[in-house]
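Chemist: There's a structure below that I have some questions on.
The values are calculated or read from the model by the stated rules, or taken from the named source; none is laboratory data. Nothing here was measured: the structure is a model prediction, and the numbers come from that model. Virtual Cβ from ideal backbone geometry, glycine too; neighbours counted across all protein chains shown. For the accessible areas, the whole protein counts, side chains as well, though only heavy atoms, and no ligand, DNA or RNA atoms are used. Shrake-Rupley method; radii C 1.70, N 1.55, O 1.52, S 1.80 Å.
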Amino acid sequence: MERRSFLRGAVAGGAAAAFGYTMMRGAAYAAPAQPGTGPYGPLGTADANGIQLPAGFTSRVVARSGQQVGSTSYVWHSAPDGGACFADGTGWIYVSNSEVSSTGGASAIRFNSSGGITGAYRILSNTNRNCAGGATPWNTWLSCEEVGTGYVYETDPWGVKAAVRRDAMGRFNHEAAAADPVRKVVYLTEDASDGCFYRFVPNTWGDLSSGTLQVLKAGTATSGSFTWATVPDPDGSPTPTRDQVTGAKLFNGGEGCHYANDTVWFTTKGDNRVWRLDLASSTYGLDYDDSLVSGTAPLTGVDNITGASSGDLYVAEDGGNMEICVITPDDVVAPFVRILNQSSSEICGPAFSPDGKRLYFSSQRGTTGSSSGGITYEVTGPFRA
């Protein structure tokens with residue numbers, strides 16, 4: 001479903017305004033009559049896994065750091081972070097990064113058509129702080145290093161082909177990636193307080209071995225038009241990529257990134273915002289800004305982001321109330337998942353199974369507050385089509 005223009009100046013009305021928080025473009029967000037609920041209704045009491053969900057939804061633990069995955073012999077990695085799902089015949093694969101220094105990498109879990117775990121294995125090893133990333137249309141996983149001179153690695157979710165470092169995509173504090181099959185580019189966020197937003201234009205679509213790294217140029221306002229400019233030295237040495245182009249727009253801590261329907265959304269943790277680029281009109285604006293919320297903000301600590309076929313966005317929190325919040329096409333913002341008693345952790349890697357009926361995500365440090373305490377979950381239920 002195509003989301004409505006962020007340049008409108010009216011509040012979403014009707015039944016949608018009765019749930020969650022409704023956002024206005026160009027004005028303060030308004031707290032409606034029933035804050036804290038959303039399109040699926042209020043969160044229920046915590047289940048046996050310590051997770052609060054709307055009625056009709058259930059959770060299960062699919063992996064724990066340092067323990068074997070299901071009945072496999074594979075031991076799940078520490079500090080699970082960004083993730084994505086890939087169709088695998090009648091089943092699917094969930095891949096997950098490991099945000100651990102020097103030995104990070106990524107792993108995968110294979111599921112059959114009924115959601116049973118049939119395998120788990122490593123797809124990337126001995127890389128540095130693999131935070132987020134993104135799936136490609138040719139079914140590879142881009143795993144991004146969150147360090148100052150980090151690389152992007154292209155990996156095989158099936159674990160058959162060796163991972164390949166993609167130098168042309170630049171060296172900087174990489175966070176997330178989102179592929180745009182219409183313009184044949186990959187968007188990239190930078191996790192720095194003065195970071196930029198990039199796109200990589202490969203010489204041949206489907207081959208990321210060569211191409212041009214570009215940076216978004218725009219004014220200092222929170223909405224307007226934008227252009228792209230080529231980064232002269234993607235290697236980022238001695239001058240960081242974010243400092244090479246005059247007029248490059250700076251963003252306060254780029255995090256998750258998601259593309260759909262000529263639009264790309266990305267989050268910035270330093271100011272707790274969700275940005276939106278309208279690619280058809282080359283304009284940008286805000287989909288969420290907690291500084292404009294009247295009352296208690298429903299979404300704090302924005303991080304990874306994904307989308308559903310319904311047009312709903314799902315934004316995971318790094319901190320906050322340990323929630324995944326939904327932003328609907330009518331701009332309603334409300335919690336969908338809340339994890340209790342894990343305040344020293346963060347939620348990472350939200351991704352839907354190919355049929356849209358299961359949502360996967362991780363608590364990076366679980367109940368222990370340590371990278372060795374990560375927990376990866378699955379939520380099943382009546383998600384909107």
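Chemist: For the structure I just gave you, tell me whether N49 is open to solvent by 10 Å² or more (accessible area, probe 1.4 Å) and among the polar types (S, T, N, Q). It would help to see each step written out before you state the result.
Modeler: Numbers: open to solvent by 10 Å² or more (accessible area, probe 1.4 Å): yes; among the polar types (S, T, N, Q): yes.
Considered against the rule, which asks whether it is open to solvent by 10 Å² or more (accessible area, probe 1.4 Å) and among the polar types (S, T, N, Q), N49 comes out as yes.
Chemist: Checking the conditions here, which among T246, T222 is free of Cβ contacts under 8 Å to residues at least 40 places away in the same chain, open to solvent by 10 Å² or more (accessible area, probe 1.4 Å) and out of contact with any helix residue (DSSP H, G or I) (no Cβ under 8 Å at 6 or more places or on another chain)? Break it down stepwise before answering.
Modeler: Working: T222 fails: free of Cβ contacts under 8 Å to residues at least 40 places away in the same chain.
The conditions single out T246.
Chemist: Looking only at region 64-100, count how many residues are assigned to a loop (DSSP other than H, G, I, E, B) and open to solvent by 30 Å² or more (accessible area, probe 1.4 Å). Outline the logic, then answer.
Modeler: Step one: of region 64-100, the residues assigned to a loop (DSSP other than H, G, I, E, B) are 65-67, 69-74, 76-79, 89-90, 99-100.
This time we only want the ones that are open to solvent by 30 Å² or more (accessible area, probe 1.4 Å), so: 66-67, 70-71, 73-74, 78, 89-90, 100.
Qualifying residue count, region 64-100: 10.
Chemist: May I ask you to verify whether S113 is surrounded by fewer than 24 Cβ atoms within 10 Å (Cβ to Cβ), among the small types (G, A, S) and farther than 22 Å from A316 by Cβ?
Modeler: Working: surrounded by fewer than 24 Cβ atoms within 10 Å (Cβ to Cβ): yes; among the small types (G, A, S): yes; farther than 22 Å from A316 by Cβ: yes.
It is true that S113 is surrounded by fewer than 24 Cβ atoms within 10 Å (Cβ to Cβ), among the small types (G, A, S) and farther than 22 Å from A316 by Cβ.
Chemist: Within region 127-153, which residues are in a strand (DSSP E or B) and either open to solvent by 30 Å² or more (accessible area, probe 1.4 Å) or free of Cβ contacts under 8 Å to residues at least 24 places away in the same chain (or both)?
Modeler: The initial filter retains those residues of region 127-153 that are in a strand (DSSP E or B), namely 130-135, 141-145, 152-153.
If the condition is that a residue be in a strand (DSSP E or B) and either open to solvent by 30 Å² or more (accessible area, probe 1.4 Å) or free of Cβ contacts under 8 Å to residues at least 24 places away in the same chain (or both), then A135, Y153 are the ones that fit.
Chemist: I need the full set of residues from region 305-338 which are under 18 Å from N97 (Cβ atoms), of a type outside the set (V, I, T) and open to solvent by 10 Å² or more (accessible area, probe 1.4 Å), in order please.
Modeler: Across region 305-338, the qualifying residue is only D318.
Chemist: Condition first: open to solvent by less than 10 Å² (accessible area, probe 1.4 Å) and over 20 Å from Y259 (Cα atoms). Now tell me which residues in region 171-208 satisfy that. Working first, answer last.
Modeler: Initially, region 171-208 is screened for residues open to solvent by less than 10 Å² (accessible area, probe 1.4 Å), giving 172, 174-178, 180, 185-190, 195-198, 200, 208.
The one that is open to solvent by less than 10 Å² (accessible area, probe 1.4 Å) and over 20 Å from Y259 (Cα atoms): F172.
Chemist: Contact list please: Cβ distance under 7 Å, first residue in region 288-303 and touching a residue at least 40 places away in the same chain (Cβ under 8 Å), second residue surrounded by fewer than 17 Cβ atoms within 10 Å (Cβ to Cβ) and assigned to a strand (DSSP E or B), pairs at least six apart or on different chains.
Modeler: S294/A30
Chemist: Report the residue count in region 178-211 for those that are part of a strand (DSSP E or B) and touching a residue at least 40 places away in the same chain (Cβ under 8 Å). Reasoning before the result, please.
Modeler: First, pick out the residues of region 178-211 that are part of a strand (DSSP E or B): 178-180, 185-190, 195, 197-204, 207-211.
Applying the additional criterion that residues be touching a residue at least 40 places away in the same chain (Cβ under 8 Å) yields 178-180, 186-190, 195, 197-198, 208-211.
Looking only at that region, the number is 15.
Chemist: Does any residue of region 366-375 turn out to be in a strand (DSSP E or B) and either among the hydrophobic types (A, V, I, L, M, F, W, C) or open to solvent by 10 Å² or more (accessible area, probe 1.4 Å) (or both)?
Modeler: Taking region 366-375 first, the residues in a strand (DSSP E or B) are 375.
Okay, now just the ones that are also either among the hydrophobic types (A, V, I, L, M, F, W, C) or open to solvent by 10 Å² or more (accessible area, probe 1.4 Å) (or both), so 375.
Within region 366-375, one or more residues are in a strand (DSSP E or B) and either among the hydrophobic types (A, V, I, L, M, F, W, C) or open to solvent by 10 Å² or more (accessible area, probe 1.4 Å) (or both).
Chemist: Is region 339-348 home to any residue that is at pLDDT 95 or above, open to solvent by less than 30 Å² (accessible area, probe 1.4 Å), assigned to a loop (DSSP other than H, G, I, E, B) and charged (D, E, K, R)?
Modeler: Taking every residue of region 339-348 in turn, at least one turns out to be at pLDDT 95 or above, open to solvent by less than 30 Å² (accessible area, probe 1.4 Å), assigned to a loop (DSSP other than H, G, I, E, B) and charged (D, E, K, R).
Chemist: When you look at V95, is it out of contact with any Gly (no Cβ under 9 Å at 6 or more places or on another chain) and among the aliphatic types (A, V, I, L, M), yes or no?
Modeler: Numbers: out of contact with any Gly (no Cβ under 9 Å at 6 or more places or on another chain): no; among the aliphatic types (A, V, I, L, M): yes.
For V95, the condition - out of contact with any Gly (no Cβ under 9 Å at 6 or more places or on another chain) and among the aliphatic types (A, V, I, L, M) - is not met.
Quick grid of which residues meet (1) closer than 23 Å to G311 by Cβ; (2) out of contact with any helix residue (DSSP H, G or I) (no Cβ under 8 Å at 6 or more places or on another chain); (3) of a type in the set (S, T, Y):
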| residue | (1), (2), (3) |
| --- | --- |
| I339 | no, yes, no |
| A351 | yes, yes, no |
| D355 | yes, yes, no |
| Q364 | no, no, no |
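Chemist: For region 287-303, give me each residue that is open to solvent by 10 Å² or more (accessible area, probe 1.4 Å) and either on the phi > 0 side of the Ramachandran plot or at pLDDT 95 or above (or both). Please lay out each step first, then the result.
Modeler: Initial filter on region 287-303 (open to solvent by 10 Å² or more (accessible area, probe 1.4 Å)): 290-298, 300-301.
Within region 287-303, G295, G301 meet the criteria.
Chemist: Looking only at region 282-337, which residues are hydroxyl-bearing (S, T, Y), closer than 20 Å to G134 by Cβ and touching a Leu at 6+ places or on another chain (Cβ under 8 Å)?
Modeler: First pass over region 282-337, keeping only residues hydroxyl-bearing (S, T, Y): 282-284, 288, 291, 294, 296, 300, 306, 309-310, 314, 328.
Applying the additional criterion that residues be closer than 20 Å to G134 by Cβ yields 284, 306, 309, 314.
Across region 282-337, the qualifying residues are Y284, T306, Y314.
Chemist: Next question, about the same structure. Working only within region 48-63, note down all residues that are within 19 Å of E346 (Cα to Cα) and either touching a Gly at 6+ places or on another chain (Cβ under 7 Å) or part of a loop (DSSP other than H, G, I, E, B) (or both).
Modeler: Quick first cut of region 48-63, residues within 19 Å of E346 (Cα to Cα) only: 49-53, 59-63.
Selection gives N49, G50, Q52, L53.
Chemist: Which residues, taken from region 225-243, are open to solvent by 30 Å² or more (accessible area, probe 1.4 Å) and part of a loop (DSSP other than H, G, I, E, B)? Show your work before the answer.
Modeler: Let us first name the residues in region 225-243 that are open to solvent by 30 Å² or more (accessible area, probe 1.4 Å), namely 225, 227-228, 230, 232-235, 237-240, 242-243.
Correct list: P232, D233, P234, D235, S237, P238, T239, P240.
Chemist: Out of the residues in region 80-110 that are within 22 Å of D318 (Cα to Cα) and acidic (D, E), state the one that is nearest to the chain's Cα centre (by Cα).
Modeler: D81
Chemist: Give the residues of region 153-183 that are within 21 Å of R276 (Cβ to Cβ) and touching a Pro at 6+ places or on another chain (Cβ under 7 Å), sorted by residue number.
Modeler: Within region 153-183, A179, P181 meet the criteria.
Chemist: While we're looking at this one, here's another question. If you scan region 304-330, which residues turn out to be of a type in the set (A, V, I, L, M) and in contact (Cβ under 8 Å) with a residue 40 or more places away in the chain?
Modeler: Taking region 304-330 first, the residues of a type in the set (A, V, I, L, M) are 305, 308, 313, 315-316, 322, 324, 326-327.
I305, A308, L313, V315, A316, M322, V326, I327, listed by residue number.
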